[in-house]
1. Give me the distance between the Cα centres of the stretch B:245-306 and the stretch A:85-114, rounded to whole Å.
2. In Å and on Cα atoms, what radius of gyration and Dmax does the stretch B:290-410 show?
3. When you look at the Cβ of every residue in A:51-63, what mean number of other chain Cβ atoms sits within 10 Å?
4. With θ taken as phi - 60° and the coefficients 6.51, -1.76 and 1.60, list the Karplus ³J(HN,Hα) couplings across the stretch B:200-216 in order, rounded to whole Hz; mark glycine and proline as x.
5. Ordered shortest first, which distances in nm separate the 7 Å Cα→C-beta label point of A:Gly135 from those of the other copies?
6. If we count every other residue with Cβ under 12 angstrom of B:Lys184's Cβ, Lys/Arg +1 and Asp/Glu -1, where does the sum land?
7. Given contacts defined as C-alpha pairs under 8 Å and at least six residues apart, what's the relative contact order of chain A, whole-number percent?
8. Compute the distribution of all C-alpha to C-alpha distances in the protein assembly as shown, in bins of 20 Å from 0, and list the percent of pairs in each, rounded to whole numbers.
Number of protein chains: 2
Amino acid sequence: MSATVSPLAPKSYADMPPVRGVRMATAAAGIKYKGRTDVLMMVFDSPAAAAGVFTTSKCPSAPVDFCKENLSGGKARAVVVNSGNANAFTGRKGREATAMTAAAAAKAVGCAGGEVFLASTGVIGEPLDATKFSGVLDELAVSAKEDFWLEAAKAIMTTDTYPKVATRTARIGGVPVRINGIAKGAGMIAPDMATMLSFVVTDADIPAAVLQTLLSEGVGPTFNSVTVDSDTSTSDTLMLFATGAAAADGQPAITGAADAALAEFRAALNDLLKDLALQVVRDGEGARKMVAVTVEGAENDAAAKRIALSIANSPLVKTAVAGEDANWGRVVMAVGKSGEMADRDRLAIWFGDVRVAVDGERDPNYSEQAASAVMKEQDIAVRVDIGLGSGRATVWTCDLTKEYVEINGDYRS
Amino acid sequence: MSATVSPLAPKSYADMPPVRGVRMATAAAGIKYKGRTDVLMMVFDSPAAAAGVFTTSKCPSAPVDFCKENLSGGKARAVVVNSGNANAFTGRKGREATAMTAAAAAKAVGCAGGEVFLASTGVIGEPLDATKFSGVLDELAVSAKEDFWLEAAKAIMTTDTYPKVATRTARIGGVPVRINGIAKGAGMIAPDMATMLSFVVTDADIPAAVLQTLLSEGVGPTFNSVTVDSDTSTSDTLMLFATGAAAADGQPAITGAADAALAEFRAALNDLLKDLALQVVRDGEGARKMVAVTVEGAENDAAAKRIALSIANSPLVKTAVAGEDANWGRVVMAVGKSGEMADRDRLAIWFGDVRVAVDGERDPNYSEQAASAVMKEQDIAVRVDIGLGSGRATVWTCDLTKEYVEINGDYRS
């Protein structure tokens, strides 16, 4: 947690109304930080349907392994998240720490160990002393409140400079439902997954299998389309829970992911996921500028995304953005190195609305002044037309600044 | 070209003896820089056998396209290299510039256009005005000298802080031959290729096809095993020429790449390529530390190399090195994101001779002090044992510093 808030931070936090069926509490357990909360407990008084997507790392953290196993049950009664220590690469001790935490949480809420989900974020490789917080879970389960979302988001921050919250509403069969989400993440951010931790809860009544389909589909153009530094965490966890409270309002039962009644909910969920994902990029370590990279005209959508990520992850593109340099030659370089089909003589590149290159060379009407003016903005759109097909993708990233180097050179995060 | 020489630079330049059959000259054409040379001409008075490897970028520069076409002839009489402008993404104008330069060089030395090779390095996307230097080639062809290697290396520098030269000798059938090479490159450096430009000349008598095999094999563990910033240039060019002058000393004719008489030459060539490649890393933009990443115990050698590159290209690993932070958790992260087979519980990691992690957790004898002492060195060895097979690879990189961001944010290079 930094003293200085990212200049790209939202001007205000969303006002987070309660979501029926989930309560939250936080504690300051002193796992690593002093004078701040570092443990979050979410309690579902009735079993909530659960879905999750996780890091593709071959060396996932102990909590990721734990969650994946419990997800087969599809039911959640408690979620415990700590910041300050990722419980990753902690071997047998790591598994002991998840087992101890889960047992304490299960006892606190009166559920089975298989209905508990865990996440940890922070330093990799240091043993996590779960005794520091497992003793407080009893108390947290009792004191947990419905109206506590912003505090929940604060407790899971590490190098984040602001808490990330978002809320949406939708109707299912005419019945209003709510979706709230929190996220944390600022570095070690790249698909897949692009966040370190995010927890989303709805009061809709949706079966776990359907929830999983919605989440798996929703993550592609949102959390898996943002990158800060191309590094993928061992701990990335995005979970979606449905408490089902809306069933009491007459929400019709959902029959499957293709159910037409889900249209509005699906759109609201995807919009919320995108909101949270972009908040993560806007808090990218050392970020001063937000960049949306759109590639169109690629062979197909997957190729477009790979080219867009090649541009978004290029240190030379990102330092040029930091330097407000309209260096479109580096965009060409990044297209070229992506390995995807591209024909130099068909490429066109825009910074904002300024076309800087077309037909394999600098735009005949190129204006350094106009291009430079775009680069001075805080939000910059880079668009590339490959000129070969109809594949399209947008990814989001931030600039690479000296502050990124400072944050990551000085701090064992 | 920077006023400050990299702290990792060699303490002295190799003394570069002439190589019979090749002469060089340079000129200050004012393409971009003031007060320095920016054009190099190499002249082979008799046709030299030619081999080359080039960028895998899908958007290669005009000179790369030009060289690839001429390489089918296998013979070189002249090489013209300019710095300050890459002649990349310059469309029709770019092809006109290569044609004009080649015609001027062919006229100057009295050869066919197909016996000329070209390379350009510098800004991408700006039209290259070849009239600036095509007029001086006549003069350069006459004034070119055998004893001019260090000056040649200086003329092709861009953001390099020192010229890169290397020389080796070997015997073929008892007859001594020499191999000299120059290279340039400091940023936009990643396999494949890892240098921007490098030219190597030997007086050995080796047919072009054999030369090509030697070069293609030699590049894997050398130029294609170094990375500064994971960005791949549109212009990367490594060429190897054999003047054949040693034939007059009685060097036996080479029958093929498997010829046993080539053993010593092959070893010397590979050693020279590695020398030049490491000089490029040691001049990495903003570099303060050199890192050798060795991965062993991977499923196979290719997997080992991909894991090693994942570590070497990770911004979080590179900033930790810059901060002298023995943050081996980030090494775990980079292993995990590589996509290659890895089992957390079998991993072991060393910084220098200090084992920091073993069997999926922190080494029981871990000493922060010992690990930190390693990180304070200028040359740092990171070794990872995956514990699964016998695949092995070493790659070289440098740290990621604020100076890298400064150089690339401030300078349209």
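Laboratory data are not the source of any read-out in this text; all were calculated from the coordinates shown. Bear in mind that the values here come from a model prediction, so they are computed numbers and not experimental data. For neighbour counting, all protein chains shown are included, and Cβ atoms are generated from backbone atoms with ideal geometry for every residue, glycine included.
1. 50 Å
2. 13.8, 46
3. Numbers: counts 0, 0, 0, 0, 3, 3, 10, 14, 14, 2, 3, 2, 0.
Shielding by partners across A:51-63 averages 4.
4. Values per residue, Gly and Pro as x: 10, 10, 10, 8, 5, 9, 9, x, 4, 5, 5, 4, 5, 4, 4, 5, 4 Hz.
5. 8.6
6. On the way: positive: B:Lys154, B:Lys164; negative: B:Asp38, B:Asp160, B:Asp236, B:Asp283.
For residues surrounding B:Lys184, the net value is -2.
7. Numbers: 1073 pairs, mean separation 72.5, N = 413.
Relative contact order comes out at 18 percent.
8. P(r) over the protein assembly as shown, rounded to whole percents: 16, 44, 29, 10, 1.
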